[in-house]
Amino acid sequence: METKAFQKIYTKITQITKATCSLKATGIGYEEMAIVNGRLAQVVKIIGDDVTLQIFSGTEGIPTNAEVVFLGRPPVLKVGDELSGRFFNAYGDPIDGGPSIEGEERQIGGPSVNPVRRKQPSEFIPTGIAGIDLNNALVTGQKIPFFADPDQPFNQVMSMVALRADADKIILGGMGLTNDDYLYYKNVFDNAGALDRIISFVNTTEDPPVERILVPDMALTAAEYFAVDKKQKVLVLLTDMTLYADALSIVSNRMDQIPSKDSMPGSLYSDLAKIYEKAVQFPDGGSITIIAVTTLSGGDITHAIPDNTGYITEGQLFLRKDTDIGKVVVDPFRSLSRLKQLVIGKKTRADHPQVMNAAIRLYADAANAKTKQENGFDLTDYDERALKFAKDYSDKLLAIDVNVEVDQMLSTSWNLFSEHFEPAEVGIKQEFVDQFWPKES
Amino acid sequence: MEKTNKMTKGKVAGIIANLVFVEVDGPVMQNEICYINLDETKLMAEVIKVMGTQAYVQVFESTRGLKVNNTVDFTGHMLEVTLGPGILSKNFDGLQNDLDKMDGVFLKRGEHTNPLEDDKKWEFKPVAKPGDVLEAGGWLGEVKENWMPHKIMIPFKFKGKYTVKTVAQEGEYTIHDKIAVVTDENGKDIDLNMIQKWPVKVAIKAYKEKPRPFKLLETGVRVIDTLNPIAEGGTGFIPGPFGTGKTVLQHALSKQAEADMIIVAACGERANEVVEIFTEFPELDDPRTGRKLMERTTIIANTSNMPVAAREASVYTAMTLAEYYRAMGLKVLLLADSTSRWAQALREMSNRMEELPGQDAFPMDLPAIISNFYSRAGFTYLSNGESGSITFIGTVSPAGGNLKEPVTESTKKAARCFYALSQQRADSKRYPAIDALDSYSKYAEYPELEEYFRENIDPEWPEKIRLARDILIRSREVSEQINILGDDGVPVEYHERFWKGEVMDFVICQQDAFDKVDCSASLDRQKYMLNRVLDIYHTTFNFESFEDVSTYFKRVINTMKQMNYAVFNSDKYNESEKELNSIIEERKVA
Ligand SMILES: Nc1ncnc2c1ncn2[C@@H]1O[C@H](COP(=O)(O)OP(=O)(O)O)[C@@H](O)[C@H]1O
Ligand SMILES: [Mg+2]
């Protein structure tokens, strides 16, 4: 980042904290960017001529006579078609050794879409994974996170979903990504021959944590360029949003703000909503779909981060290891896609909603039977059948290694129903039973 | 309303996010609106605290780029809405800007649009005659807004009595045309057109009396109407963890409830949920009038990504519009999703001002703010003998799903109906996930309402509702015992008792919001179905073993669900009912 000749250089810092420094300056705009001894910073508070700057990479080693230059603008990203296939850091500077982007400068964290200019999402995104397509169908313009403990293979599942979804661009926003995971994504996209439609903004564990705060806005500014200007279908992957929220709490703590639940800032809901609400379907075909990862600690979804996320996103996908079959499954109880009803039974076969609900209900019966069994009670014949059904259902449909079309998922479900139950026990509308219940051979 | 004379000006002295300190050169009023000049745009802001010559203002937009010494113009009035024909079917933001009139895909900071139409002609019919003496809210005439008679009234700000001098003849007028001249108590003539303004944080009290609610407001949702009824002019709230069905339930109410007008305040929630309303409502029929649902609906959209300070304004804007239509003698249903987001907006600002925080860092006066807001709903008699009502139902999004948090607890004190959504029911897809037993309606115990039920539904209705709840309670109790003692550790009758409760749950409490037929049940139908379920409860069956019980009642439930899915009294319905009768005969003890 070069400074321009006419810019005023300040050299007298009056106060330094762990995250911020203050100085006397005039004519400064709120949220303006500055460079403090070569480090990027942003104006977070102005009182009279006292200006407080948040330094993204921290204040370690900043002297009181550091050189401060204000850039006269908020954070920006240069956008253009050349973004495709490139890797950037949290500031939008290339990290792949390639040339810098010569494009139009756009402010990041820009305004929201007017709700009346949105279109209701209606395009189904098949992923082949039945735990998603059958029970939690995804739709373009949706925003949905994986809720997973850190040891779950969420990066694998997410990259699989990304590659199978038919998107014009895939934008990866990596926050606190380990170097290994960063290389994993790079490899998977490369092997799939998809690198030219991928754009990455990456903050790894080796980078200062507070820099992460910029990543989602960078990724989404690029996404808006392709979705609005180029009318493309854009898929944005954000991982790990828990580390993003942690960075927010570091900043607010260091700025002495009153923490609310779980030492998160009181504005966490609004902060997260500003990001996730960038997901949108436009009437002219452009769209932004956001798939994120929110890691949990010990599966606790009442923690402020997953809790606020769940109130914002359009559902969540829960990964869990099913010890009965030894595979990772998409948990049908705790997962939810709130937009599924816009496509299931409409873009997919008419029996889809009822089959989905019936199977989950029977799976719940099995869970009850299991509790009974564990408490040492005798099982009824129905309980036994429910348990057998649950095992098959988990193995043939919920496991993340399933990769089939939706019609196939539905017929597998009907087969499992007829194998283990009577129609009355399944409780589906008669017209569907008449049509789809497998005939005795 | 106090007015400051010469308009005060000011200069920006400090900025922390959307809290701005303004050095002022004259008097300012608490809650006064001001505009901060930033380049070519004007950022709207509201005074929330005054210290000496510094006004603390909350800005309704992003403050990015704002500088110290930017100039500020004060307006002398509080946040106001414009009231007049043209509000129905609109999509407003929290400050009553018409979202459809805005340019471009993105919301532009500082863009303000007209909530009404200046040139549109309305078909006006006089209601008052010269010589009539009216007070604020008195009806002068009416125009047809969509299909509704929209009353043109003496402005709410007017105090005392006014004698009508002239009223315009039947004909077409714009909102700015003179439609009446009235004379005040001092003999001064005042020209009136169709519009007036009102500050949103002040309740409109242009009514004679606010009696206790005494009538049922039909919603078509069985677990509400039958088991936890809400009264016309009543208040209720729906707390629940995310994903348990708050929004789906509110949308169902907005589609089916028997109201003249629906105002939906989308407060700090998802934009796509608003899109759903304005995409689907223009296509959906209002079963009562045959008109499109959108014709009776107004949306206030201040979604979670829109400026935080305007979230607070949005619920007040919605309530003020509701009060305006109530004064026309209409039955208004106001829905707000979610009032927790509004409370959070208050919290963000209170923290920024470094006020002493209450529980969970919410402002200390949160309970008072919430109860004050709920108290604006109600059934009213107008001074001309007509009646109008606002029924208000808000959702609450408790942090971590824990109902012992300040917003839920404060709301519980203010609202008379409590519709508790249960995570467990949602997980097992028992929708709507309202826990019929944890929930309550205080109206169900009002003698006025019991009277109403006996006269309009069934002479025994209150007893039947109590029995229905008992059946659910007993079923829950035996299910706990069965869990502890095991299926064969309890008598077969226990299983029967459990399953009779399950019939009540599946057939009455559960309802498929996404099924064209099942989504809404008329009162007749609800009564019929409850009677059928109670008949089954009163029937003695013959079972050998507990396994027979569950298999049998699953068939009963399945058949009754088919009835719920079929059009009332259609062939399909009658067929299922015939099947039900024969299933019952199989094991009935004569
Ligand atoms: N009455 C219902 N019938 C069927 N599905 C429902 C019902 N209520 C909720 N759901 C399901 O639950 C999801 C979440 O509901 P929603 O109202 O958005 O939850 P909340 O507002 O409480 O977060 C919906 O997308 C839908 O799949
Ligand atoms: Mg909701």
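For B:Pro282, the criteria (1) within 14 Å of another protein chain (Cβ to nearest Cβ); (2) touching a strand residue (DSSP E or B) at 6+ places or on another chain (Cβ under 8 Å); (3) within 16 Å of ligand 2 (Cβ to nearest atom) hold in every case but one, which is (3). Tallying residues that are open to solvent by 10 Å² or more (accessible area, probe 1.4 Å) and in contact (Cβ under 8 Å) with a residue 12 or more places away in the chain within the range B:292-305 yields 3.
Out of the residues in the range B:82-106 that are among the aliphatic types (A, V, I, L, M) and surrounded by fewer than 22 Cβ atoms within 10 Å (Cβ to Cβ), which is farthest from the chain's Cα centre (by Cα)? Top of the filtered list is B:Val105.
Against the conditions (1) within 16 Å of ligand 1 (Cβ to nearest atom); (2) open to solvent by less than 10 Å² (accessible area, probe 1.4 Å); (3) not hydrophobic (A, V, I, L, M, F, W, C), B:Thr317 satisfies every one except (1).
Would you check which residues across the range A:231-251 are open to solvent by 40 Å² or more (accessible area, probe 1.4 Å) and hydrophobic (A, V, I, L, M, F, W, C) and list them? Within the range A:231-251, A:Leu243, A:Ile250 meet the criteria. For the range A:102-133, the set of residues classified as more than 14 Å from chain B (Cβ to nearest Cβ) and in a loop (DSSP other than H, G, I, E, B) consists of A:Glu102, A:Gly103, A:Pro126, A:Thr127, A:Gly128, A:Ile129, listed by residue number. If you go through the range A:282-315 and keep only what is part of a strand (DSSP E or B) and either more than 16 Å from ligand 2 (Cβ to nearest atom) or open to solvent by 10 Å² or more (accessible area, probe 1.4 Å) (or both), you end up with A:Ser287, A:Ile288, A:Thr289, A:Ile290, A:Ile291, A:Ala292, A:Val293, A:Thr294, A:Thr295.
Among the conditions (1) over 30 Å from B:Thr174 (Cβ atoms); (2) in contact with a helix residue (DSSP H, G or I) (Cβ under 8 Å, 6 or more places away or on another chain); (3) modelled with pLDDT of 95 or more, B:Ile48 misses just one, which is (3). Cβ-Cβ contacts under 7 Å between residues 6 or more apart (or on different chains), taken from a first residue in the range A:41-66 that is open to solvent by 20 Å² or more (accessible area, probe 1.4 Å) to a second residue that is among the small types (Gly, Ala, Ser), are listed as A:Ile47/B:Gly14; A:Gly48/B:Ala13; A:Gly48/B:Gly14; A:Asp49/A:Ala25; A:Asp50/A:Ser22; A:Thr52/A:Ser22. Inspect all residues belonging to the range A:272-281 and state whether any of them is at the interface with chain B (Cβ under 9 Å from one of its Cβ atoms), of a type outside the set (A, V, I, L, M, F, W, C), open to solvent by less than 10 Å² (accessible area, probe 1.4 Å) and assigned to a loop (DSSP other than H, G, I, E, B). Yes, the range A:272-281 has at least one match.
Report yes if some residue within the range A:325-336 is within 12 Å of chain B (Cβ to nearest Cβ), outside any loop (DSSP other than H, G, I, E, B) and away from ligand 2 (no atom under 16 Å from the Cβ); otherwise report no. Walk me through how you get there before you give the answer.
Filtering the range A:325-336 for residues within 12 Å of chain B (Cβ to nearest Cβ) gives A:331-336.
Still in the list and also outside any loop (DSSP other than H, G, I, E, B): A:336.
If we keep only those that are away from ligand 2 (no atom under 16 Å from the Cβ) as well, we get none.
For the range A:325-336, residues within 12 Å of chain B (Cβ to nearest Cβ), outside any loop (DSSP other than H, G, I, E, B) and away from ligand 2 (no atom under 16 Å from the Cβ): absent.
Look at the range A:342-355 and say how many of its residues are open to solvent by 50 Å² or more (accessible area, probe 1.4 Å) and away from every other protein chain (no Cβ under 12 Å). It would help to see each step written out before you state the result.
The first filter runs over the range A:342-355 and keeps only residues open to solvent by 50 Å² or more (accessible area, probe 1.4 Å), leaving A:346-347, A:349-350.
Restricting the remaining residues to those that are away from every other protein chain (no Cβ under 12 Å) gives A:347, A:349-350.
The number of residues fulfilling the criteria is 3.
If we keep just the residues of the range A:196-223 that are among the charged types (D, E, K, R) and open to solvent by less than 30 Å² (accessible area, probe 1.4 Å), which is farthest from A:Phe56 (Cα to Cα)? Filtering the range A:196-223 for residues that are among the charged types (D, E, K, R) and open to solvent by less than 30 Å² (accessible area, probe 1.4 Å), the one farthest from A:Phe56 (Cα to Cα) comes out as A:Arg212. One residue stands out in the range B:436-456 among those that are of a type in the set (Asp, Glu) and within 19 Å of B:Asp470 (Cα to Cα): the one that is surrounded by the fewest Cβ atoms within 10 Å (Cβ to Cβ), namely B:Glu445. For B:Thr339, the conditions (1) closer than 21 Å to B:Leu253 by Cα; (2) in contact with a Phe, Trp or Tyr (Cβ under 8 Å, 6 or more places away or on another chain); (3) away from ligand 1 (no atom under 16 Å from the Cβ); (4) hydroxyl-bearing (Ser, Thr, Tyr) are fulfilled apart from (3). Screening A:Gly326 against (1) open to solvent by 20 Å² or more (accessible area, probe 1.4 Å); (2) touching a helix residue (DSSP H, G or I) at 6+ places or on another chain (Cβ under 9 Å); (3) over 26 Å from A:Gly174 (Cα atoms) leaves a single unmet condition, (2). The residues on offer are A:Leu397, A:Leu339, A:Leu387, and the sole one that is within 35 Å of the chain's Cα centre (by Cα), over 16 Å from A:Asn135 (Cβ atoms) and surrounded by 15 or more Cβ atoms within 10 Å (Cβ to Cβ) is A:Leu387. For B:Asp470, the requirement of being open to solvent by less than 30 Å² (accessible area, probe 1.4 Å), away from every other protein chain (no Cβ under 11 Å), under 31 Å from the mean Cα position of the chain (by Cα) and charged (D, E, K, R) is not met.
Inspect the range B:325-347 for any residue being among the hydroxyl-bearing types (Ser, Thr, Tyr), open to solvent by 20 Å² or more (accessible area, probe 1.4 Å) and either in the same structural domain as B:Ile263 (by TED's automatic domain parsing) or at pLDDT below 95 (or both) and give the result as yes or no.
Within the range B:325-347 (the criterion being among the hydroxyl-bearing types (Ser, Thr, Tyr), open to solvent by 20 Å² or more (accessible area, probe 1.4 Å) and either in the same structural domain as B:Ile263 (by TED's automatic domain parsing) or at pLDDT below 95 (or both)), the answer is no, since none of the residues qualifies.
For the range B:269-282, a residue qualifies if it is within 19 Å of B:Ile393 (Cα to Cα) and away from ligand 1 (no atom under 12 Å from the Cβ), and the qualifying residues are B:Val274, B:Ile277.
Only one entry in B:Arg476, B:Arg466, B:Arg430 is in the same structural domain as B:Glu269 (by TED's automatic domain parsing) and within 28 Å of B:Lys500 (Cα to Cα), namely B:Arg430.
What strands (runs of 3 or more DSSP E), lying completely within the range B:63-131, carry at least 3 residues that are more than 23 Å from B:Ile300 (Cα to Cα), within 14 Å of chain A (Cβ to nearest Cβ) and in contact (Cβ under 8 Å) with a residue 60 or more places away in the chain? Can you show your working first?
On the way: elements: B:71-78, B:80-83, B:122-126.
Output list is empty.
Regarding the range B:236-259, can at least one residue be identified that is more than 14 Å from chain A (Cβ to nearest Cβ), open to solvent by less than 10 Å² (accessible area, probe 1.4 Å), more than 16 Å from ligand 2 (Cβ to nearest atom) and on the phi > 0 side of the Ramachandran plot? For the range B:236-259, residues more than 14 Å from chain A (Cβ to nearest Cβ), open to solvent by less than 10 Å² (accessible area, probe 1.4 Å), more than 16 Å from ligand 2 (Cβ to nearest atom) and on the phi > 0 side of the Ramachandran plot: absent. Being within 16 Å of ligand 2 (Cβ to nearest atom) and either modelled with pLDDT of 95 or more or surrounded by fewer than 19 Cβ atoms within 10 Å (Cβ to Cβ) (or both) is a property that B:Leu382 lacks.
Check B:Ser350, B:Ser389, B:Ser397 and return the single one that is open to solvent by less than 40 Å² (accessible area, probe 1.4 Å), under 19 Å from A:Asp307 (Cβ atoms) and of a type in the set (S, T, N, Q). Write out each step before concluding.
Details: B:Ser350 fails: under 19 Å from A:Asp307 (Cβ atoms); B:Ser389 fails: under 19 Å from A:Asp307 (Cβ atoms).
After applying the criteria, what remains is B:Ser397.
Considering only residues of the range A:9-36 that are polar (S, T, N, Q) and over 24 Å from A:Ser252 (Cβ atoms), which is farthest from the other protein chains (Cβ to nearest Cβ)?
A:Thr11
Look at B:Gly268 and say whether it is open to solvent by less than 20 Å² (accessible area, probe 1.4 Å) and touching an Asp or Glu at 6+ places or on another chain (Cβ under 9 Å). The answer is yes for B:Gly268.
The values are calculated or read from the model by the stated rules, or taken from the named source; none is laboratory data. Since we're looking at a predicted model, the values are computed, not measured. Quick reminder, even Gly has a Cβ in these numbers, built from the backbone with ideal geometry, and neighbours come from all protein chains shown. Ligands, DNA and RNA are stripped out before the accessible areas are found, and what is left, the full protein with its side chains, is counted by its heavy atoms. Shrake-Rupley method; radii C 1.70, N 1.55, O 1.52, S 1.80 Å.
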